[in-house]
Amino acid sequence: MSLRLGAFQVGEEIGRGGMARVYAGLHERLGTEVAIKIMAGPARESTEVRSRRFAKEIEAVARLQHPGVVMIYDHGIIDAETAALHPKLQRGIPWFAMEYCSGGNLATHQFENWVDLRNALVTLLDALAYTHAFGVLHRDLKPANVLISDADDVRHGIKLADFGLALGEEDEVTAVHSSLGTPHYMAPEQVLGHWRDFDASTDLYAFGCMVWRLVTGRPPFAHGDAVLTQILTSQLRDTPPRFFPLFAVPDTLEGWLRRLLQKAPLQRFRSAADAMAALPDEDAPMAPFDDLQESVNITAFENTVVLPDDATVVVEQTFNDPGFMTWDEDALSQDGVVRRNDQSLVTTTTDIDKLIPARSAPIPTSWRRRTSRASEERLLGAGLALFGLRPTPLVGRHDEQEYLWQTLSEVHRSGRLKAVLLQGEAGCGKSRLSEWLCRQAGWAGAARPLVVTHSDSQAPGQGLSGMIDYHLRCHGLDSKELSKRLAKLCEAWGVEGDFEPRALARIVRPNQEEGTLRFNNPQERYAVIRRLLRRITADRPLILVIDDIQWGSDALFFVEELLKLGEDLPVLILLTARTRALRERPFIESRLQRLAEGSYLETLELDPLTENDTRELITELIGLSHDLVQQVAMRSEGNPLFAVQLLSDWVARGVLEASDRGFKLAEGEMGRVPDDVHQLWLQRLIELEKGTGQGSTRAMELAAILGRDVAYTEWIELCLAYECPRPERLTDHLFKAGLALPTESGWSFCHALFQESLERQAKEAGRWQHYHQTAAQVLEKHLDPDAPNRARRLGTHLLEAQAYSDAITYLWKAAKFHLGVSELIAFEEILDLVDTALNQLHLPEDHPWRWDQAKHRFQLAQKRYQFDDIMGEIERLIAWAEQLQDDGRIADISVHAATVIGDSGDFDASHQLLAKARERSQTNTEIQARIAAREARLYRSRGDLCRAEQAAVDAIRLGMATDNLGWVAGNQQTLADIRLAQGRLQEALDLLEQAIELADSQGDVSAKAMMINSRGEVFRADGRLEESLKAYEDARNLGLQLENTFWVATTSCNVGLVLLAMERIDAAAPYLEEADRMFRRGGKLLFALVSQAGLLACSALEEDSETVLTNFEEIQASIQQRGVVEMDLAMCLQLTGRIMARREFYGVAAIILTAALQQWDRLGLAEHRDRCRRDLESAGVTVER
């Protein structure tokens, strides 16, 4: 009995491999020849494992529509009836039908000239570039997996096939099963199973091995009687052998191949487009060729290769010898086969001179390329099962596509930032348009994409941290593994020291303390991200997509800083925003408007599609009959999301059937179209429950409260707590129906509107509040105490559950965390949530909780240096606290007030406030420590060193009592500054050493930099100028790492001043110029006086006396106007006068030295004053003593 699968008749077996059998097939209606692949596989693997891998191949090929990739027509599962009729087939085994390629494969094809081979390579590289742009890695490129279609086939040409080992963007593999592949074609990282390092260059290495085989007749590491371990070891350690082609090839082809075969991924071509751009031309000069060479090589190949060069193996299972139970570095290094730190893994071939440069491909002038679809692609009555797997086509956006491509081209040419906002209603195609640009640019090798996602629930994995976590492939790593991976990446980038890996670890895992460092403000964190972007853009531009910016305030602030810094960075920033949601976030909307008004941001409004465009979209999606296309187009009203989901619903419910004019609605199906997309989602949910059983709706509503991205373990626990059936089967149905997408930790809703529809349904049914109460209980029990956003998530769920008092407790805990790390945007957002809760509690205006909230707002203004707001609020908060008769609150706000007032110069008022705080906080050690620290600084400013010393000692003691090591380090620095002023220099150095060690242990790089700078001050005061110079340079380097311009300016100035003191004036000038430029740009004009005085000393060596005097008079006018007294000013002026005296400009020297003497007099430093007097007398000026 003949076998029928879907629309196809199955014929004879025409091939088999380790994972499937391939049969000839025929489309029953059209008579089109096809190939039908039915899953087989090693008996040692379970059906589930094989089915999962087979499904991955179907998913990979279905999303790829390119002339150089084999085309899939349909897929399905062997049903019970078919299995009963054909005993060799098992029920549940998957199959798919693909285009038939009658020309065989490259394993049996021999090219005879360079032109034919080059044409084939161009097709394959373009197909590979396209595949990678869609996030698919092949992982098993070899001649047997490249098929040839003859002229009589559906699509003539050469094609990539057999994606059975393909990895998608969201996939990860276990360490023990990751070494799958064909040994002769496996890249070193694939051999070792380092799946986190797999990228386009992994496939390009295999491509290089394949081309070597096509040109020479043998793979590059085909040892004569080699066992498998020798082949794999050669992939890891050996350079390719001498190059003997079978026919004449360009003289640069060998260098091109050796570039592909570099052991280190970063030393290969970075994209298939790069490799194609570097491929020698048809008319390239040919290398010398001897016809005798061809027969020698063919004979050698046939007589020596024992292991088939195209056998796909699971490497783990091949090592049965002692010591080789699994293929990993530990096992092999113990037996001497692979050494972990062997330099062959990271060094290039010895034939360096033969390598061609690995340059990035030029950007095409137009995004329009030859079509990647064929008219014969869709066979009548086939392909419904592929709906949802194929990408949604982009139609009706040609103007927007052209604009975005030209903007990207401008970024490419100028090397400068551009930002575009894509704005429109939900479902209009904003994300699809940005996705198109990323894929089109990736295909051309024109740019790399990075995507930042957001949702209103701030789920894990979103935001800037989630973007970096995903890009660096750090998900799932514990703290030690994370540190190891980041250190390895930084080493590969050529970044020295431990700052960068620790900083990246802090960004990726904000709550992780071990091995990370502390950011004192968002700018320090943004600086690390900017450096990462610079590395990513070292060879080509970046497209930075920031989805749903209305929920991404942190990302928006980062974008603002990028744009306003005006740095030369080739990045196209694409923001997307839902118009209605943006209106609900006026703070974000107003900032976007300001960026647009300042010409930093261009806005593209996406209107609904026209009816013609909608019809084109529907026709591209599925072969509906004309009447049905017209019906869907009219009802969609230009919203592509509505059209896609309506078709998805029909496909999922099985109400479409084949006809001679295309798919039509089945007999008896009315095809009722819902009124809006929300009803459509809910209709699809009803159909989902029919297939999965009762409880699916509740399970989906519970998923919706967890956010756009759903962590699977959290969802399971929540369902169990709510007594819903475990949803294991539900996820498979969600994926098949196109309602969800897999993620590393679970899944995500296919669209935010689906989640919102579930929320609306739960609210209308009265389940919403109870859901959130249950979620809070479950997450409180199961969330790791150090999980990012734990307190915020719990507080938000409790807020929705209307448990307002409990919500406030958690939200304030979250606010305290964000304030502590100076994440002020998140801090303010949480305060807004607390305001909502306070208002819902209807608390009186003078309630203590409202005071606490007002104090948090005060702290926000204080952190943002909004002094007008601060000064007006201080008295109100103090009076309010006294009215509440709460000593703790009085003391707390009094210390805050003392800090603000003291910084403004009113020392007496500050002391009075501190006295009040001490009186009201006798038993509060933390507040007592804050009081002592503030008093130390006040007394130091007043020159009362004795009292300052005692206060600093008390602050250190109290800080130790509260186990606040960061606090202790800061007060040790204060005490060291006091010791310096007392002339107790060694004690100051000892204190600073302790403080630096503590700051380092706390990961506080900013504090460490200040302390090292203070150490430089002590060395300088002691006359140890070389040590002082070294300390200032170390502090400056830390400032550069933090990209803190003020700190870099300060330390650069100090370096310049020490060099002046050493009279290395030429060396000092560049540092002082840098400092002066930064001080002026930042508006730090008082600090700029010192850098200008230093530059005055530098100019005194060469400038004429009149110019020096003019410059001095400008500086002196500023000094007198502001009443500035500063040791460094005195030193620079004295040095300038001394140089002018040496040049015998005694009059000018006397004027400048007199000004220096005035500074020393006011500083009361007798020794320096006496030296300056002697310099004046040397210039011929008599000075009264």
Single unsatisfied condition, Ala272 versus (1) modelled with pLDDT under 95; (2) within 22 Å of Pro183 (Cα to Cα): (1)
Per-region count, the stretch 1087-1106, residues exposed (fewer than 13 other Cβ atoms within 10 Å of the Cβ) and either in the same structural domain as Lys564 (by TED's automatic domain parsing) or not in a loop (DSSP other than H, G, I, E, B) (or both): 1
Are any residues in the stretch 112-171 among the small types (Gly, Ala, Ser) and within 33 Å of the chain's Cα centre (by Cα), and if so, which ones? Ala127, Ala129, Ala133, Gly135, Ala161, Gly164, Ala166, Gly168
Taking into account only those residues within the stretch 929-970 that are in contact (Cβ under 8 Å) with a residue 40 or more places away in the chain and assigned by TED's automatic domain parsing to the domain that holds Asp1022, which is farthest from the chain's Cα centre (by Cα)? Ala969
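Per-residue answers, yes or no, for (1) at pLDDT below 90; (2) within 23 Å of Ser455 (Cα to Cα); (3) assigned by TED's automatic domain parsing to the domain that holds Arg580; (4) part of a helix (DSSP H, G or I):
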residue	(1), (2), (3), (4)
Ala503	no, no, yes, yes
Pro510	yes, yes, yes, no
Glu513	yes, no, yes, no
Thr516	yes, no, yes, no
Tyr526	no, yes, yes, yes
Ile529	no, yes, yes, yes
Arg535	no, no, yes, yes
Arg540	no, no, yes, no
Ile543	no, yes, yes, no
Quick test of your reading of the structure: Arg50 fulfils all but one of (1) touching a Pro at 6+ places or on another chain (Cβ under 9 Å); (2) basic (Lys, Arg); (3) assigned to a loop (DSSP other than H, G, I, E, B). Name the failing condition by number. (3)
Whether any residue in the stretch 160-183 is in a strand (DSSP E or B), modelled with pLDDT of 95 or more and under 21 Å from Gln65 (Cα atoms) is what I want to check. yes
Filter result for Ile878 (buried (at least 18 other Cβ atoms within 10 Å of the Cβ), more than 32 Å from the chain's Cα centre (by Cα) and not in a loop (DSSP other than H, G, I, E, B)): yes
In the stretch 66-81, residues that are within 36 Å of the chain's Cα centre (by Cα) and either among the aliphatic types (A, V, I, L, M) or part of a loop (DSSP other than H, G, I, E, B) (or both) total 7
Could we say that Leu489 is among the hydrophobic types (A, V, I, L, M, F, W, C), farther than 30 Å from Ala633 by Cα and not in a strand (DSSP E or B) here? yes
Among all residue pairs at least 6 apart or on different chains, which show Cβ distances below 7 Å where the first residue, located in the stretch 1107-1124, is more than 17 Å from Ala1150 (Cβ to Cβ) and the second is among the hydrophobic types (A, V, I, L, M, F, W, C) and assigned to a helix (DSSP H, G or I)? Ser1118/Leu1089; Ile1119/Leu1089; Ile1119/Leu1129; Arg1122/Leu1086; Val1124/Leu1086; Val1124/Leu1089
State whether one or more residues within the stretch 921-943 are out of contact with any helix residue (DSSP H, G or I) (no Cβ under 9 Å at 6 or more places or on another chain) and either of a type in the set (Val, Ile, Thr) or part of a helix (DSSP H, G or I) (or both). yes
Selection within the stretch 1094-1136 - on the phi > 0 side of the Ramachandran plot and over 50 Å from the mean Cα position of the chain (by Cα): none
Here's a check for you: in the stretch 1126-1185, which residue that is assigned to a loop (DSSP other than H, G, I, E, B) and modelled with pLDDT of 90 or more is surrounded by the most Cβ atoms within 10 Å (Cβ to Cβ)? Phe1145
Only helices (runs of 4 or more DSSP H) wholly contained in the stretch 719-823 count here; list those with 3 or more residues that are crowded, with 21+ Cβ neighbours inside 10 Å. 752-764, 768-782, 790-800, 804-820
Going by the structure shown, is Glu873 surrounded by 17 or more Cβ atoms within 10 Å (Cβ to Cβ) and closer than 25 Å to Ala459 by Cβ? no
Can you say whether Tyr526 is aromatic (Phe, Trp, Tyr), surrounded by 18 or more Cβ atoms within 10 Å (Cβ to Cβ) and more than 23 Å from Glu829 (Cα to Cα), as far as the supplied structure shows? no
For the stretch 197-214, check the following and say yes or no: at least one residue is charged (D, E, K, R), surrounded by fewer than 23 Cβ atoms within 10 Å (Cβ to Cβ) and within 17 Å of Asp126 (Cα to Cα). yes
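Yes or no, residue by residue, for (1) under 32 Å from the mean Cα position of the chain (by Cα); (2) among the hydrophobic types (A, V, I, L, M, F, W, C):
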{"residue": "Asn789", "(1), (2)": "yes, no"}
{"residue": "Gly795", "(1), (2)": "yes, no"}
{"residue": "Glu800", "(1), (2)": "yes, no"}
{"residue": "Phe827", "(1), (2)": "yes, yes"}
{"residue": "Thr836", "(1), (2)": "no, no"}
For the stretch 473-494, which positions are modelled with pLDDT of 90 or more and buried (at least 16 other Cβ atoms within 10 Å of the Cβ)? Arg473, Cys474, Leu482, Ser483, Arg485, Leu486, Ala487, Leu489, Cys490
Extreme residue, nearest to Phe387 (Cα to Cα), among residues of the stretch 650-678 that are in a helix (DSSP H, G or I) and modelled with pLDDT of 80 or more: Val651
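The values are calculated or read from the model by the stated rules, or taken from the named source; none is laboratory data. Model, not experiment: these values are computed from the prediction. So basically every Cβ, Gly included, is an ideal-geometry build from the backbone, and we count neighbours across all protein chains shown.
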